[in-house]
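Every number in this text was worked out from the coordinates using simple rules, so none of it is lab data. Since this is a predicted model, take the numbers as computed values, not measurements. Please note: Cβ atoms are built from the backbone with ideal geometry, for glycine as well, and neighbour counts cover all protein chains shown.
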Amino acid sequence: MKTIIEPFRIRSVEPLRHTTPAQREQFLQTAGYNLFELRASDILIDLLTDSGTSAMSTYQWSAMMRGDESYAGSESFFRLKKVVDELTGFGHMIPTHQGRAAERILFTLMCRPGHIVPNNTHFDTTRANIEFSGARAVDLPLPEAADTQARLPFKGNMDVAALEKLIETEGADKIPLIMLTVTNNSGGGQPVSMANIRAVHTVARRHKIPFYLDACRFAENAWFIQQEEPGFERLTPKQIAQAMFSHADGCTFSAKKDAFANIGGMLGTNDDEVAQKQRDLLILTEGFPTYGGLAGRDLEAIAVGLEEVLDHDYLEYRIASTRYLGRNIADHGVPIVEPPGGHAIYIDAGRMLPHIPKHEFPGQSLAVELYRHAGVRSVEIGSVMFGEHARHELLRLAIPRRVYTQSHIDYLVEAILEVNARKESLRGLRITYEPPHLRHFTAKFEPL
Ligand code: F0G
């Protein structure tokens, strides 16, 4: 059979509420044309993020019922530790309430003012936590990745030559760790090849610099390696994920992505001394090291999710579904970041709406129109979010895991193509209020 189906059936449903165009216009006005300010119940299809929005399985829900809520030494912690040890091989697993808590602990311990942390592309919380420690976050994407239209198989890779140059010019003692984000979220959800992971590992080893993975979407990355990197076609996604982790000295992880959990994260490391310090810091703000700010039931959901996410049928469906959305809009004239990534499709709004200049926010204009037209929420990743540092004007359509069906995706394709057919009528926006930091969350706009 060539049809790839959702490898699950639906046991429990959450009704979606249709709204009228007139209602949506009203909601937009009240929200100041900022989709973060909408009420979730006024949204039909929510593609704001794939983080914490997964549907859990019956196995996860039943595992939650046996959550051990002991303050110390919880059985749930040991069940999770067993799964993580087998997957990552790291000697230490430290649970945290989400990914950024793991980042804060890691960078607080390793970074000082004057330090530099290279990454293929830092996610915004990663960058913010590094900068909060006084260090500098440097992105080293492939030069080819600057062209959204280039179709390269592993466009999320790090530019290893640029990494070597950075170490040579700045000195290895200024670089407390090297990170690699798999998949490369801010770079378009593009995967990183095993060859690139190995190459970064080799450089890190040579200079005795610790190498950490930001492993939020490790399973989606493993799938791309199996499908597209020669030599890996016979390995299972789990074996590939194990090989990915085997090259790193540690990782940060948000269980809100590839663990199908609604909350949670963790920190992994091979270094006994670092792990001890991480635990000391953890107790200060997150909690005792066998729960790290999570309920025992959350640890159970993560343990089961980490095994389910590596299922062949799930990953095949997941990546096919994202690709289907990407190809069906891109092949009908909507420019996207090529090729389609794992968890999201990024529309190149700057290219789609050349009549709207950067300072009138083409990505935000498209986000607003897609909601107005079809009740779909997406997120601008461009000048609203990054100001003058924005490299592209993108609109991210992030797909929650196991949540939407094929007909929802068909509805999205139709909605996007209808907006594209009258794209010349879209107008830009003007900011009427902005806070001092992270303005995209609370800024208010006015249509021009
Ligand atoms: N690293 C990456 C690559 C991420 O995508 C995220 C979160 C984090 C770290 C932080 O994890 O949210 O658990 O604290 N990304 C979400 C997104 C928010 O929408 O892309 P967290």
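Structure above, values below:
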| read-out | value |
| --- | --- |
| Mean residue ellipticity (222 nm) of the chain, computed from DSSP H runs ≥ 4 via -39,500 (n - 2.57), nearest 500 | -12500 deg cm²/dmol |
| Estimated distance in nm for a label pair at GLN23 and ARG327, the labels positioned 7 Å out from Cα along Cα-to-Cβ | 3.6 nm |
| Highest-MSF residue in the chain out of THR96, THR58, THR183 [GNM, Cα springs under 10 Å] | THR58 |
| Dipole of segment 58-308 [Lys/Arg +1, Asp/Glu -1 at C-beta], most positive-end residue of TYR291, THR169, GLN276 | THR169 |
| For segment 327-438, size of Cβ-based charge dipole, Lys and Arg +1, Asp and Glu -1, in debye | 200 debye |
| Stretch gain in nm, segment GLU144-ALA161, where the contour uses 0.36 nm per residue and the Cα spacing is subtracted | 4.8 nm |
| Under DSSP loop assignment and at most 16 Cβ neighbours within 10 Å, longest GluC sites (Glu not before Pro)-free interval of the chain | 234-448 |
| Listed residue (GLY99, HIS122, ALA72) projecting farthest to the positive dipole end of segment 56-152, Cβ model | ALA72 |
| Relative contact order, percent, the chain [alpha-carbon distance under 8 Å, six or more residues apart] | 23 percent |
| Under the Karplus curve 6.51 cos²θ - 1.76 cosθ + 1.60, θ = phi - 60°, whole-Hz ³J(HN,Hα) for segment 357-365, x wherever Gly or Pro sits | x, 3, 6, 10, 6, x, x, 5, 4 |
| Rel. contact order, % - alpha carbon contacts under 8 angstrom, at least six apart, segment 1-52 | 35 percent |
| Placed amide H near ILE178: partners under 5 Å, 5+ positions off or other chain | PHE211, TYR212 |
| Whole-angstrom gap from segment 175-208 to segment 296-322, using each part's C-alpha centre | 23 Å |
| Trypsin sites (Lys or Arg not before Pro), loop per DSSP, at most 12 other Cβ atoms within 10 Å - longest free stretch of the chain | 235-421 |
| Order of MET244, MET179 - criterion: other Cβ atoms within 10 Å of each residue's Cβ, fewest first | MET244, MET179 |
| Rg/Rh (Cα only; Kirkwood hydrodynamic radius) as it applies to segment 58-308 | 0.96 |
| Lys pairs, segment 58-308 - Cα-Cα below 23 angstrom, 8 or more residues apart or on other chains | 18 |
| In order through segment 174-185: 3J(HN,Hα) via Karplus (6.51 cos²θ - 1.76 cosθ + 1.60), integer Hz, x for Gly, Pro | 8, 10, x, 6, 10, 10, 9, 9, 10, 5, 7, 4 |
| Antiparallel content of DSSP bridges confined to the chain, in %, to 5 | 65 percent |
| Sequence-separation-based contact order of segment 58-308, relative, with Cα cut under 8 Å and 6+ spacing, percent | 32 percent |
| Percent antiparallel among DSSP beta bridges (both partners in segment 58-308, rounded to 5) | 50 percent |
| Amide H contacts under 5 Å for ASN34, placed H, 5+ residues apart | PHE445 |
| Rounded to whole Hz, the Karplus (6.51, -1.76, 1.60) HN-Hα couplings of segment 134-142, x for glycine and proline | x, 7, 10, 9, 10, 8, 10, x, 5 |
| Order of CYS111, CYS251 under a 10 Å beta carbon neighbour criterion, fewest first | CYS111, CYS251 |
